[in-house]
Every structure is written in structure tokens, then in C-alpha cells.
1. Any residue in the stretch 113-122 that is near the ligand (Cβ under 10 Å from one of its atoms) and either closer than 22 Å to ARG79 by Cα or out of contact with any Asp or Glu (no Cβ under 6 Å at 6 or more places or on another chain) (or both)?
2. In the list GLY42, GLY38, which residue meets the criterion of being within 16 Å of the ligand (Cβ to nearest atom) and within 18 Å of THR159 (Cα to Cα)?
3. Given the conditions (1) within 16 Å of the ligand (Cβ to nearest atom); (2) open to solvent by 20 Å² or more (accessible area, probe 1.4 Å); (3) touching a helix residue (DSSP H, G or I) at 6+ places or on another chain (Cβ under 8 Å), report the number of the one that GLN53 does not fulfil.
4. Going by what's in this entry, would ALA23 be described as surrounded by fewer than 15 Cβ atoms within 10 Å (Cβ to Cβ) and part of a helix (DSSP H, G or I)?
5. Please specify each residue of the stretch 107-166 satisfying the condition of being in a loop (DSSP other than H, G, I, E, B) and within 17 Å of SER67 (Cβ to Cβ).
6. Residues TYR108, TYR158: which one is near the ligand (Cβ under 9 Å from one of its atoms) and aromatic (Phe, Trp, Tyr)?
7. Can you tell me which of (1) within 12 Å of the ligand (Cβ to nearest atom); (2) assigned to a strand (DSSP E or B); (3) within 17 Å of the chain's Cα centre (by Cα) is the one VAL77 doesn't meet?
Amino acid sequence: METLGTVLITEEQIADAVARLGAEISADYADSDVLLVGILKGAFLTMADLSRQIQVPVEFDFMAVSSYGDATKSSGVVRILKDLEQEISGRHVVIVEDIVDTGLTLHYLLENLWVRKPASIEIAALLVKEGIQEIPIEVKYRGFNIPPDFVVGYGLDYTGLYRNLPYVTVLDPDDLPS
Ligand code: PRP
């Protein structure tokens, strides 16, 4: 199958990274169970693949958030479209994200979730864009640091498309259909 754009991270590289993150989480939570919180929509593939690499008991919940902004840039104003279905008080939470870009979404989510008094919150993100976090976010489980290019695939979209690509690829915004 022909690939789109300039492939940055292959399917095999993603699988290796997800296996590594799963092993790290399994080791760190050997004595406790974990509540994975996937941030929709982008995290659905990372959530599905990462969870299958975790060897300790895991429960699942999801939040859907939307950041106001244009198609390629977030604004930092976050709206909750779907909240968690369960209480997280006393739970060990791992937020699962496909990408940390400006960090504004996670900054908002961390503030929002800490109020609910979980035992701990850590972050697992497949991709972290380097050098552009407006707010520093500690990402304990990170797959790849990537340059600040516009990427799609493996959960990441452009106008709703390309989330199903099994690799992460760089699209030049000038080449995109408007
Ligand atoms: C993406 C991604 C993160 C957020 C990161 O979601 O899944 O949630 O952007 O950006 P930030 O670090 O600059 O805040 P998006 O808002 O595109 O929604 P989607 O997952 O539904 O595509």
C-alpha cells in the first residue's frame, strides 16, 4: 500500500514503543491496579494497543475533549464533551494520549482530575512534540519525542481523516486539501 506524506514513525517502531511502555507500566504498577483514561478521539489506538501490553489488572474509562482552535493548532481552551463514567478517588490513574503538543489539553485535564482526589496520576503519550510545550508537562511514559511538524496517523487526524493510518506521517499543510 502506498504511504501518505513522509513517514516519521513506522508501524513496527510504534509496536516496539508501545511494548516498551506496557512493560514499564506493568513493572511500576506490579502491586496495584490501574485505571487507564483514554482521551478521545486521538488516543483510541494507543489505548487499544498499549492496554494489551500491560500485565497488571487494568480498568478503562474515557474522556472526550475538544480544544477550540483551527485544524492544525490548539488554542488552550478545552471543553469536556464526555466525562469519566467512574469515580477516580483513591485510584491510580494513567492518562493515555496520542500526542502532547502545546501541553494545554493535559494541563487542563490534570487540574480537572486532581480535584477528584486520585491516589496518583501519570501520563502515557505515544508522541511528544519537542520544544513547543507552553506549559511543561511531565510525561512519564513516552513513546517518541518528535519535531514540531504537523503529523497524522495512528489516531491523529486532519479534518477527521487519516486516524486509521498504522504509521505516523508528516503532512505539509500546503499540500493538504482546504
Ligand atoms: C489532540 C491530542 C491531544 C491534544 C494535544 O486532540 O489527542 O488531546 O490534541 O494538544 P495540546 O497538547 O496542544 O493541547 P484534538 O484536540 O486534536 O482532538 P482529537 O483527539 O479528537 O483529534
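The values are calculated or read from the model by the stated rules, or taken from the named source; none is laboratory data. From a predicted model like this one, the values you see are computed outputs, not experimental measurements. Glycine gets a Cβ as well: all are built from the backbone with ideal geometry, and neighbour counts include every protein chain shown. Surface accessibility is based on the protein's heavy atoms, side chains included, excluding ligands, DNA and RNA. Shrake-Rupley method; radii C 1.70, N 1.55, O 1.52, S 1.80 Å.
1. Among the residues of the stretch 113-122, not one is near the ligand (Cβ under 10 Å from one of its atoms) and either closer than 22 Å to ARG79 by Cα or out of contact with any Asp or Glu (no Cβ under 6 Å at 6 or more places or on another chain) (or both), which makes the answer no.
2. Being within 16 Å of the ligand (Cβ to nearest atom) and within 18 Å of THR159 (Cα to Cα) holds for just one of GLY42, GLY38, which is GLY42.
3. Among (1) within 16 Å of the ligand (Cβ to nearest atom); (2) open to solvent by 20 Å² or more (accessible area, probe 1.4 Å); (3) touching a helix residue (DSSP H, G or I) at 6+ places or on another chain (Cβ under 8 Å), the lone unmet condition for GLN53 is (1).
4. yes
5. Result: ILE132, GLN133, GLU134, ILE135, ILE137, PRO148, PHE150, GLY155, ASP157, THR159, GLY160, ARG163.
6. Working: TYR158 fails: near the ligand (Cβ under 9 Å from one of its atoms).
Only one candidate qualifies: TYR108.
7. Every listed condition holds for VAL77 apart from (3).
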